[in-house]
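The values are calculated or read from the model by the stated rules, or taken from the named source; none is laboratory data. Keep in mind it's a predicted model, so treat the numbers as computed, not measured. Backbone-built Cβ (ideal geometry, glycine too); neighbour counts: all protein chains shown.
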């Protein structure tokens, strides 16, 4: 429980963090989704849970795309580091008592069932949680945003200001805001990411029922600050926080 509390420092309100968490996200396209799921649970989970135990990682999660086989990835693997300890690595095979030959055989096997299609890093800018949510929810809605030229500062301030809390009546369990780091330029696909958290897929679906209103100039126009490039719904496959 202490680890969970540490990972969700601000449960109810937005906070600007000390910029010490680093999220390393790898997007995977699995040819055989079931086989890759089993491989992660049977092999990689042991290695990365050892890394968490040794303090090399704060957390490790795998997220699986829901109901959209047309996406260019099937899984997202997230490694959460304490930046002050990054990188702090040892030979992965040694953590689970494997020889180099055994480790190489496993790597060959996984390379035949999946492709790494992208890798991005981001940092925390803010978060909000509904009261009582001190756990990792089951559903992540990842929104990839590209900020308009010269408006990054204004966009970040508006995102944080307009999501100060999650009400008890909300279907959402929480929200996170991230800035992508390490790549710049006009050809970068997205610059920021927001995550809407839900306890289950049904709550996410219920959120689409309700009235929509036109953008008639009276409300806030997000399109002036950023473009929503992609929205992907994912379900938690496995996490180092699992009991």
Problem - So residue 80, is it within 16 Å of residue 195 (Cα to Cα), modelled with pLDDT under 85 and crowded, with 18+ Cβ neighbours inside 10 Å - result: no
Handout entry: residue 47 being touching a helix residue (DSSP H, G or I) at 6+ places or on another chain (Cβ under 6 Å) and not in a loop (DSSP other than H, G, I, E, B)
Key = yes
Exercise for the section: Report the residue count in the range 171-194 for those that are at pLDDT 95 or above and more than 15 Å from residue 226 (Cβ to Cβ). Expected result: 6
Problem - Only one of 140, 231 that is under 16 Å from residue 66 (Cβ atoms), touching a residue at least 40 places away in the same chain (Cβ under 8 Å), surrounded by fewer than 17 Cβ atoms within 10 Å (Cβ to Cβ) and under 14 Å from the mean Cα position of the chain (by Cα) - result: 231
Practice task
Among what's in the range 195-218 and is at pLDDT 95 or above and in a loop (DSSP other than H, G, I, E, B), pick the residue that is surrounded by the most Cβ atoms within 10 Å (Cβ to Cβ).
Solution key: 199
Exercise for the section: Can you confirm whether the range 25-33 contains a residue that is loosely packed, with under 13 Cβ neighbours inside 10 Å, closer than 27 Å to residue 94 by Cβ and at pLDDT 85 or above? Expected result: no
Practice task
Pull up the range 1-24, narrow it to residues that are at pLDDT 50 or above and surrounded by 13 or more Cβ atoms within 10 Å (Cβ to Cβ), then point me to the one that is nearest to residue 114 (Cα to Cα).
Solution key: 24
